[in-house]
Amino acid sequence: MSAKNDQLRKIARTLLAEGKVKYFLGNVRGADGFSSKPTTARTPEEANEFVWDPSCVNNMASYLHEDKKRVLKRGEEPDTRPIGIFVKGCDSRSVALNIQEHIFEREQIYIVGATCEGVVDVPKLKKAWMKRGLPVAATNTLQLSINGDEVIASFDGKQEKFAKDDVIMQRCKVCRYPNPVIYDELIGEQVEPKPDAYPDLEEMEAMSPAERWAFWTEQFSTCVRCLACRNVCPACYCRECSVQRSNPAFGPRTTPTEKMAKAQFSNKTPTMEDNFNFHMSRMYHMTGRCTNCGECNRVCPVGIPLRLLTRKMDKDVRETYDHESGLDTEPKNLLAEYDDDDPEGGFL
Amino acid sequence: MTDNNENNENFEPKIIAFLCTWCSYAGADLAGSARIQYPTNVKIIKVMCSSRINPLFVLRAFRKGADGVLVSGCHPGDCHYLTGNYFTRRRLILFKKQLEWVGIDPNRFHMSWVSASEGQGWADVVNKVIDDVKELGPQDEMRRKVVE
């Protein structure tokens with residue numbers, strides 16, 4: 001594991017020292033010792049803090065958009081060097097999607113890919129840690145690694161083993177792209193992908209519509225519309241979100257076009273019906289674009305299984321149109337293209 | 001609306017239909033001028049092309065209390081704008097699956113192709129939609145409830 005760390009640090013250090021990238025996006029160890037937090041390194045010294053271990057859950061592709069938001073100071077020359085970014089297999093698809101949609105060009109991003117055997121669900125790991133009565137202070141020196149079916153946590157020269165299935169993220173159990181799809185440099189050896197199946201959807205698929213509605217009602221009614229799922233999403237980069245409009249002011253001079261553009265699809269108050277609208281809007285906007293990184297599911301503070309929505313969407317899109325986003329850098333968008341022979345299902 | 005909801009026997013559904021100007025609206029117009037009888041539950045919103053219909057419009061219609069929504073456009077290949085309805089087709093097929101996934105009965109949301117010469121076809125579509133929605137009863141799931 002530390003070998004991987006060293007490799008990442010060395011690559012990032014070299015890139016920054018040679019000035020090949022303007023900054024490098026990667027993970028450093030978080031304050032609690034278990035998790036890792038995303039950070040930006042601008043100097044080789046900062047790059048020495050980088051970690052690459054199973055705690056790196058963050059999809060760094062989301063932080064690429066921050067670059068677009070920055071306003072130049074007066075007289076400042078734009079920095080045209082690429083952004084360095086550290087990606088796992090799933091994140092590389094998100095980066096590829098951004099390139100497909102021309103948010104970034106390929107040469108604007110320097111991708112350091114890492115093959116990934118799965119990342120840990122930090123809350124689950126913490127719980128398991130506490131259950132065993134392990135010292136919390138020991139997390140200062142905690143090092144995580146995955147070996148076969150075990151997650152090995154080593155600290156103070158001691159080793160503690162956890163079963164991989166117990167502490168790993170749900171999304172990693174069905175991950176079909178553990179190896180980066182695009183990269184400039186690669187860390188680690190190729191990992192065997194999981195089989196192409198949707199075992200996580202079976203339970204929901206067996207339900208009747210009424211049962212499903214009851215399930216989602218319960219889930220959506222807890223939503224507080226914090227919009228964390230939207231903010232973390234690497235595919236959500238609109239300046240103004242269709243569900244988060246400022247209160248539209250209509251005057252006598254407001255043109256019909258402006259009125260249409262300002263239509264409110266859900267109110268601000270997080271009631272069940274508006275939450276439903278919000279999540280449906282989000283789901284629809286992600287159709288054919290979602291890369292299934294599962295970040296929305298991870299960040300939800302009330303634990304709504306948003307991944308059930310995105311996984312189902314992924315399945316539908318693949319079954320109906322044989323389309324998958326973010327696999328290469330060729331521009332391609334499911335809903336902006338058509339085929340004469342598309343299926344005709346459901347039309348009267 | 002509220003009166004209807006209390007009595008399922010005499011339930012008259014409110015159905016919002018988004019029609020494209022060139023085919024479906026003209027078809028509905030033809031049904032009128034040919035004096036073909038069909039129920040009045042359908043409230044028509046005319047749009048220039050069926051691809052103008054953002055699926056969020058459908059959600060908004062449900063939120064405002066529609067019992068059923070119908071989207072209708074030209075037959076594939078006949079679009080006035082040449083390719084508009086191909087996009088509609090992809091969008092709506094996927095959107096309907098998504099509605100089903102969260103537990104909305106698929107019969108609440110219908111899509112159809114009606115050309116300008118199909119007056120009777122339009123009446124048939126409307127009858128089918130109304131039958132389906134009547135079977136389901138009033139839509140209370142997505143309607144925005146006002147706290148009193």
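Restricting the range A:262-303 to residues that are in contact with a helix residue (DSSP H, G or I) (Cβ under 9 Å, 6 or more places away or on another chain) and of a type in the set (Ser, Thr, Tyr) leaves a set whose member that is farthest from A:Gln244 (Cα to Cα) is A:Thr291.
A:Glu18 is checked against (1) under 20 Å from the mean Cα position of the chain (by Cα); (2) surrounded by fewer than 22 Cβ atoms within 10 Å (Cβ to Cβ) and fails just one. What number does that condition carry? A:Glu18 satisfies every listed condition except (1).
Within the range A:241-258, restricting attention to residues that are under 30 Å from A:Lys69 (Cβ atoms) and not in a loop (DSSP other than H, G, I, E, B), the residue that is farthest from the other protein chains (Cβ to nearest Cβ) is A:Glu258. Filtered by the rule that a residue be within 25 Å of A:Thr217 (Cβ to Cβ), part of a strand (DSSP E or B) and at the interface with chain A (Cβ under 8 Å from one of its Cβ atoms), the range B:105-116 gives a lone residue, B:His110. Selection of the range A:296-346 for residues being over 15 Å from the mean Cα position of the chain (by Cα), of a type in the set (S, T, N, Q) and within 13 Å of chain B (Cβ to nearest Cβ) yields A:Thr320, A:Asn333.
Could you list, in sequence order, the residues of the range A:171-192 that are acidic (Asp, Glu) and modelled with pLDDT under 90? Across the range A:171-192, the qualifying residues are A:Glu189, A:Glu192. Note on the range B:117-148: residues that are away from chain A (no Cβ under 12 Å), touching a helix residue (DSSP H, G or I) at 6+ places or on another chain (Cβ under 9 Å), over 18 Å from B:Pro13 (Cα atoms) and part of a loop (DSSP other than H, G, I, E, B) amount to 1. Go through (1) among the hydrophobic types (A, V, I, L, M, F, W, C); (2) free of Cβ contacts under 8 Å to residues at least 12 places away in the same chain; (3) within 13 Å of chain B (Cβ to nearest Cβ) one by one and return the number of the condition A:Cys238 breaks. Evaluating A:Cys238 over (1) among the hydrophobic types (A, V, I, L, M, F, W, C); (2) free of Cβ contacts under 8 Å to residues at least 12 places away in the same chain; (3) within 13 Å of chain B (Cβ to nearest Cβ) leaves (3) as the failure. Screening the range A:1-115 for helices (runs of 4 or more DSSP H) wholly inside it with 2 or more residues that are in contact with a helix residue (DSSP H, G or I) (Cβ under 7 Å, 6 or more places away or on another chain) and not assigned by TED's automatic domain parsing to the domain that holds A:Cys229 returns the ranges A:2-18, A:44-47, A:89-100. Considering every residue within the range A:175-190, establish whether at least one is polar (S, T, N, Q) and either assigned to a strand (DSSP E or B) or in contact (Cβ under 8 Å) with a residue 24 or more places away in the chain (or both). Checking the range A:175-190: at least one residue is polar (S, T, N, Q) and either assigned to a strand (DSSP E or B) or in contact (Cβ under 8 Å) with a residue 24 or more places away in the chain (or both). Looking at this structure, is B:Leu59 more than 8 Å from chain A (Cβ to nearest Cβ), at negative phi and under 14 Å from the mean Cα position of the chain (by Cα)? For B:Leu59, the condition - more than 8 Å from chain A (Cβ to nearest Cβ), at negative phi and under 14 Å from the mean Cα position of the chain (by Cα) - is not met.
The values are calculated or read from the model by the stated rules, or taken from the named source; none is laboratory data. All values derive from a computational prediction rather than experimental measurement. Glycine gets a Cβ as well: all are built from the backbone with ideal geometry, and neighbour counts include every protein chain shown.
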